[in-house]
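A short reminder: the numbers here are calculations on the coordinates, not readings from a lab. Source: prediction; values computed, not measured. Cβ placement follows ideal geometry from the backbone for every residue including glycine, while neighbour counts extend to all protein chains displayed.
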Amino acid sequence: MIIPRHSTKELILKHDAGVMEIRQEPFSKLRLMYFQNGSTSNENSVELRIILDEGADLNCFFGMLGGMASRLVVETRLEGIGSRVRQRTLYFGNGEQSFIMISNTVLSGRETSAEIESKGILAGSSQARFDGNIHIQQTAKQSKGRLDEHTLLLSPHAKMNAIPGLKIDTNDVKATHAASMTRVDDEQLFYAESRGIEEHEAVRLIAEGFLAGLYKDMPFMENMHQLIQEKIWQL
Amino acid sequence: MTATLNYIKDLNRETLDKANSTHYMKGARKGLSRELVEYISKEKNEPRWMLEHRLKSLEVFLKKPMPSFGPDLSGLDFDDIIYYAKPGEVTNAHSWDQVPEDIKRTFERLGIPEAERKYLAGAGAQYESKNVYHRLKEKWSKVNVIFEDMDTALQLYPELVQQYFMKCVTMHDHKFAALHGAVWSGGTFIYIPAGVNVNQPLQAYFRMNASSMGQFEHTLIIVEKGAQGNYIEGCSAAKYETPSIHAGLVEIFVKEDARFRYSSVENWSRNTYNLNTKRAIVEKNGVMEWIGGNMGSGCTMLYPCSVLRGEGSSADHLGIAFANTNQIQDTGAKVIHVAPNTTSKVVMKSLSKNGGKAVYRGLLNILKGAKGAKSQIKCDALILDDHSVSDTVPDMKIAENDVSIGHEASVGKISEEQLFYAMSRGLCEDEATALIVNGFIEPIVKAMPLEYAVEMNRLIELEMESAGAVG
Amino acid sequence: MFSIKNLKVSINEKPILQGLSLKIKPGEIHAIMGPNGSGKSTLANTIMGHPKYTISHGEILMDGENLVSLKADKRARAGVFLAFQYPKEIPGVTVLSFLQMAVAAVRKVRGEPQLNPIEFRKLLRSLLAEFSLDAKFMNRYINEGFSGGEKKKMEILQMALLEPKIAVLDETDSGLDVDALKIVAEGINRLASPKRGILLITHYQRILHYIKPHFVHVMIEGQIVKSGGPELAQQLEQEGYDWLRPLVTPL
């Protein structure tokens, strides 16, 4: 698929999107959403390969909520000068769900920037793996890369494997990554309880808040919000 | 100042490598075989169980594959290596006069103690070192502390050694552990009895041994309940004799309420593959500290590992890696949280320059049952020019939810604002850079034993100056 | 109505409160003063039920019911309120949704009718205005990025919303400039009523210029060493705490 130069497009992918290749021509803007909330007996796999030309701008959001075994592979290559990507992945696992998410972002053009964020909640016996890589090549001078992976673990049986990788081949760049895995913060819980909110409710509130910041400026926010609320109510 | 700068410029790794070939291994065999292993054991007059252990290790080594990750090890030709040489077969003891001037001056510049210089130059002045060693030995034996070279320890305390030898890192762990199990020779044995606090650092160069070539040294350290100790391994100057592969093993047993710190600065010369394995098992409320600097060798794979097996145990890993021209420093830390309420902290700083490649490879494994685990990992990389490279590959496997895990990393060049600020106060660019680099590594150098902290700083200065302009 | 009997509290096996007793009747305003490290915050947090404190002895009674075995949310619903010294941020959770939930919980317990979302918004908006907080605060994440003054105002606003029987104010005056202090103090005075007990915990005298306590207690090393009327506060302002140290019973 080609996103023509100077155009602005919105693309919503369904959970049977399969393998897709996209090329963003110079100065095109693409807003891409992939939403997966299928039945929990399904297996899903989506692979995206995206190339960005000069000045292209990609804002993509992946919501991984459903399915029994889900796989998401996103490869983004920022080849054109000044191209940018903001990628956000949200996952919420319960029961026996498993999510494998692989995100590879390669910056080869000058002055490119990549912001890769992932936030997830794992409850029940669910498991997730987020393999995030940012590779800044030697030609990508003055580029910036940021990789953030944060997981809230709600159950002692949940499992998380986070591998945030930075591969930096030149020095005139700024690259950071941060990852955290925690359970619900005791002090936050106490604060909510001190306002009469019962523990179970408080956990739901905090869990919802944990994810809220990630998608608050996305269109279809209400939809997402509702789906997440539904999953939270099942906790 | 200029005279110093000049000879530093002239000093390069080749000088060290050249000297290597002149006296190396006349008559000693190359290649690995069952006969060689039996020969080694017989030469050392080892108990039967050790011979069996060696042979079993050899079997495992031959079967195991090479590691599937990390730098390219295809240059390693196992048949082209001398695994063992009798004392005398290696003319370790050439005189101090024969050592090239620039080597001597490097040692001087680095402020290395006289006795150690000669050891490092292979001038075999065990004389001085032997005296120092004997004095300290008397002091320790009064409190039943054992600090002996490994071969001797096996002879004097066979049951004690057998209880622990290769139980922390076993021959099955990986190919180089198996190799080590087959051909190990020399090394350090330290035993600190319960409740004893050895507050003076035990240093490797105290127990020098002419027969050891240093490639397959085995260090076994046992710290009994409530005891404390501190060991400094390695040298901070380029070792004059350069074996091509270094597959040593360090095993440390930190028992309940005990505390141990292991400091090392590894600085082998260019064509060495530094494939050491270091691991500590920490019991209840025990504390293990790893402080390391990795400067030399062509290719290093070094990931000190702490296994937090006892409740409330903790580990601190602090390290610096410096990758210069044609060097790959593939280092990091492995921490495995097994028991509840364990804590770990990892701070790693790396510098890469002139095409060097610094890689941080870490593993954090929180096993099921390790409730209340807390871990903070920080790895920062400074890339000093546009053709050097840095990778950060942390792997976090979490199987418990009652945990608090944080990881942060940043990679980049020296901040322009910092540089500008320093220069606006009158420092030239080189000075400003050096200042900032020092600040970058300061938290780690601060934790090093004083003599080594000074040497570390100078070593970095040396590396920064070598091969031309800074940055 | 509210009484603490011989409370002994420790944290990580370290004893902090050494058998503290206190009675607060409806309509009374009590002030507790003491030097740093005297255990004032421990008292406040223990009354609210912070899990990290262990009660080894004693009772906390609210209308005859012993709260000691109850979790914080049950205590809140029983009418206990704590204005935190360092209110916690909860990212992603708006002031609106947080308070909506809190109010719903407390109204349910009291058998009061629930407010529909529009009514609640209206109520919240007017309260924000009362405390000189911008209406935008409704959609901000609770305590995230709030200044010290804004946090304290938000605490008292919550008190106004939840209408507790007993309100414990933990160093509500710390870190406030004069204007913020006035607003906060006015808020507290508005909430003082013959039905409500207020326990004001403070290190400095300042807030007592605006809020007149009926009783003043001095806490040193986990004990109340002296109780008196408002003039005790003035004496402390002039003489400090040292003259009371001899009254501390050693462990």
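What does DSSP give for chain C in terms of the percent of beta bridges that are antiparallel, rounded to the nearest 5?
Numbers: 23 of 41 bridges.
In chain C, approximately 55 percent of DSSP beta bridges are antiparallel ones.
Mind putting a number on the dipole of the protein assembly as shown about its Cα centre? Charges go on the C-beta only, +1 for Lys and Arg and -1 for Asp and Glu, and I need it in Debye to the nearest 20. Could the numbers behind the result be given before it?
Values: 111 positive and 116 negative charges, 395 e Å.
Dipole about the Cα centre, nearest 20: 1900 debye.
Calculate the tail of P(r) for segment A:170-235: the fraction of all Cα-Cα distances greater than 13 Å, expressed in %. The partial results should precede the final answer.
Numbers: 1538 of 2145 pairs.
Roughly 72 percent, rounded to a whole number.
Which residue, A:LEU154, A:LEU189, A:LEU166, tops the fluctuation ranking in a GNM of chain A built on C-alpha contacts under 10 Å?
A:LEU189
Along the principal axes of its C-alpha atoms, what lengths does segment C:196-248 span, in descending order and rounded to whole Å?
Each principal axis gives a Cα extent; for segment C:196-248 these are 32, 24, 16 Å.
How large is the direction-averaged shadow of the alpha-carbon convex hull of segment C:99-180, in nm²? If you can, show how the numbers build up before the last one.
On the way: hull surface 23.4 nm².
Convex hull of Cα atoms, orientation-averaged projection: 5.9 nm².
In straight Cα distance, which lysines are under 17 Å from A:LYS29, not counting same-chain residues fewer than 8 positions off?
Result set, ordered by chain and number: A:LYS9.
Stokes-Einstein at 20 °C, 1.002 mPa s, Kirkwood radius from Cα pairs: D for segment B:288-337 in µm² s⁻¹? Walk me through the intermediate numbers first.
Numbers: Rh = 11.9 Å.
For the chosen part, D equals 180 µm²/s.
Given +1 on the Cβ of Lys and Arg, -1 on the Cβ of Asp and Glu, and no further charges, what dipole in debye does segment C:205-245 carry about its Cα centre, rounded to the nearest 20? Write down the numbers at each step before the final one.
Values: 4 positive and 5 negative charges, 31 e Å.
Charge dipole of segment C:205-245: 140 debye, to the nearest 20.
Take C:LYS14, B:LYS368, C:LYS153 and order them by how many other Cβ atoms sit within 10 Å, fewest up front.
Values: C:LYS14 7, B:LYS368 12, C:LYS153 24.
Lowest to highest Cβ neighbour count: C:LYS14, B:LYS368, C:LYS153.
May I ask for the longest run of chain A untouched by trypsin sites (Lys or Arg not before Pro) that are loop-located per DSSP and have at most 13 neighbouring C-beta atoms (other than their own) within 10 Å? Let's see the in-between values first.
Details: sites that count: A:LYS14, A:LYS216.
Value returned for the longest uninterrupted segment is A:15-215.
Using alpha-carbon positions, what is the distance between the centroids of segment C:189-244 and segment A:167-235, in Å?
That distance is 41 Å.
At a 10 Å Cβ-Cβ cut-off, how would you order B:LYS137, B:LYS349, fewest neighbours first?
Details: B:LYS137 16, B:LYS349 24.
With the sparsest Cβ surroundings first, the list reads B:LYS137, B:LYS349.
Quote the Stokes-Einstein diffusion coefficient, in whole µm² s⁻¹, for segment C:1-131, based on the Kirkwood radius over alpha carbon pairs, a temperature of 4 °C and a viscosity of 1.567 mPa s.
Rounded, D is 77 µm²/s.
Once you've got the GNM for chain A with C-alpha springs shorter than 10 Å, pick whichever of A:ALA17, A:ALA56, A:ALA123 has the biggest mean-square fluctuation.
Checking each option, the largest mean-square fluctuation is seen for A:ALA17.
Sticking to Cα atoms, compute the Rg of the protein assembly as shown to one decimal and its Dmax as the biggest Cα-Cα distance, whole number, in Å.
33.1, 102
Using alpha carbons only, what's the Rg to Rh ratio of chain C with Rh from Kirkwood? Before the final figure, lay out each step's value.
Numbers: Rg = 18.0 Å, Rh = 18.7 Å.
So for chain C, dividing Rg by the Kirkwood Rh gives 0.96.
Going by how many other Cβ atoms sit within 10 Å of their own, how do A:SER118, C:SER174, A:SER83 line up, fewest first?
Numbers: A:SER118 25, C:SER174 15, A:SER83 30.
Starting with the residue having the fewest Cβ neighbours, the order is C:SER174, A:SER118, A:SER83.
Just round it to a whole percent: the fraction of Cα-Cα distances in chain A exceeding 33 Å. Walk me through the intermediate numbers first.
Working: 5224 of 27495 pairs.
Here the tail beyond 33 Å accounts for 19 percent of pairs.
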